[in-house]
Structure formats: C-alpha cells, structure tokens
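A.B. asks: Can you keep this structure in mind? I'll have questions shortly.
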Amino acid sequence: MSTKNNLQMKATEIIKCRGHYNIRAEHPSTFEITKEEHLSEKGTCIIGIGADKGALDLSPEFKKILADDRSELTIKFRVKSNEFTILAFGSSKMTFENHTDMVFRRSAFVCGRTVAIYSDHVAKTFPREIIELLQKEEEMIIEMSASIDPEALSPSVPPLREFFHSFEEVECRAHKVSDSHQE
C-alpha cells in the first residue's frame, strides 16, 4: 500500500512470526526476525522465528522507499495485548537479498539481510514482558510503516549548512596561516 500526500510516499508491511523458548534478546546492536523454524541459544539477536517474510519477500514499493536515505521506518510489535514501537531508518545501500532473515541495526552497517539502520532499540532493550511471552512461543504481529518526506534530511547525511560551515572554517584557518607567513 502506497500513497502520495503532499509528495510524501508511504508503504506498509505486516509480518507474522512467533517466539521460541530459546529467545534471549540479549544482543547489544541488532535484532532479527527469521523464517527459520529453529533457534539455538547462540541466536541472541533473534526475537521471532517462523516469519512469513524475509527481506527478499518485502514488496517492491516498500523496498524502494526503504532504499532511500531519507526514509523513516516505524515498527510496531504486538504480542497478545502488549505493544512496542521502534523508530529506524532506511539506506540507499540496502539490497534486501536475503530470503530468510530481516536484521534491524543500531549502526549504519548494511548487508543483504539489513532492513533498517539507526534503530532506536535493539534486542537487549526490548521490553522484557514481550520477550517472556515470546519465550512461551506466542505469536507476534509486526507492522512496518516506511515513509519518505522529500523535504526531510537523511540521518546519514550531515546538513549541508553544517558541512559547508565546517569546510569554510578549515579554509579560513588555512588562509590565515598562509596570510601570516606572507607578512
């Protein structure tokens, strides 16, 4: 689903998955949803298994929006009556090539499994009441809403004003040094 209101583009994806008794949610920099049916204790970033989609399965319009440096992603998690919302961002470097996994990262690192960067939460910071329900193998519904505001600045690109301001300061200092040597 995509709309264009005042030039803003939007698309939504719904993912269904479930928990597993080995979910630990202890990873400090990512969280992951996977189509895999099994989970070992080593998968400390995984918060959902048996997903009905991997990164490759997301709709073309959704991927197009997320593959823009100006995109913003709101992710709402529902487990029973508990809800939790996360904010993250897209990147023009995203390829969405992985057919089983979706990884959400706090950093700017991107690979074929990456669906979002600069996430304001990671596995370790998920509410423990949701993790406890997932450890009981409850179902989780994830609603991801991606949008682009063409007038918004990308979180991965410094505002031009600050960039040129800092460049001008360096240039001014360089000129002052060369001017003082000429006197």
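A.B. asks: Largest first, what is the accessible-area ranking of Glu139, Glu72 with a 1.4 Å probe?
C.D. replies: Highest to lowest solvent-accessible surface, that is Glu139, Glu72.
A.B. asks: Same structure again: So which of Lys16/Lys64; Lys42/Lys93; Lys16/Lys93; Lys42/Lys63; Lys63/Lys136; Lys10/Lys124 end up more than 24 Å apart, counting from Cα to Cα?
C.D. replies: Listed pairs above 24 Å: Lys42/Lys93; Lys16/Lys93; Lys42/Lys63; Lys63/Lys136; Lys10/Lys124.
A.B. asks: Packing-wise, with mean Cβ within 10 Å as the measure, how do 92-100, 142-150 rank, highest first?
C.D. replies: 142-150, 92-100
A.B. asks: Largest first, how would Arg106, Arg18 line up by accessible area (1.4 Å probe)?
C.D. replies: From most accessible down to least: Arg106, Arg18.
A.B. asks: What full-extension length gain, to one decimal in nm, is calculated for Cys111 and Glu26 as 0.36 nm per residue of separation minus the Cα-Cα distance? Could the numbers behind the result be given before it?
C.D. replies: Values: separation 85, 0.36 × 85 = 30.60 nm, distance 2.12 nm.
The Cys111-Glu26 span can extend by a further 28.5 nm.
A.B. asks: Along the range 136-142, what does the Karplus equation 6.51 cos²θ - 1.76 cosθ + 1.60 (θ = phi - 60°) give for ³J(HN,Hα), rounded to whole Hz, x for Gly and Pro?
C.D. replies: My calculation for the range 136-142 gives 8, 6, 5, 7, 10, 10, 10 Hz in order.
A.B. asks: Probe radius 1.4 Å, ligands and nucleic acids left out: which of Tyr118, Tyr21 has the largest accessible area, and how do the rest follow?
C.D. replies: Ranked from most to least accessible, the order is Tyr21, Tyr118.
The values are calculated or read from the model by the stated rules, or taken from the named source; none is laboratory data. Note that the structure is predicted; figures quoted are calculated from it, not measured. So basically every Cβ, Gly included, is an ideal-geometry build from the backbone, and we count neighbours across all protein chains shown. The accessibility values were calculated without ligands, DNA or RNA, using every heavy atom of the protein model including side chains. Shrake-Rupley method; radii C 1.70, N 1.55, O 1.52, S 1.80 Å.
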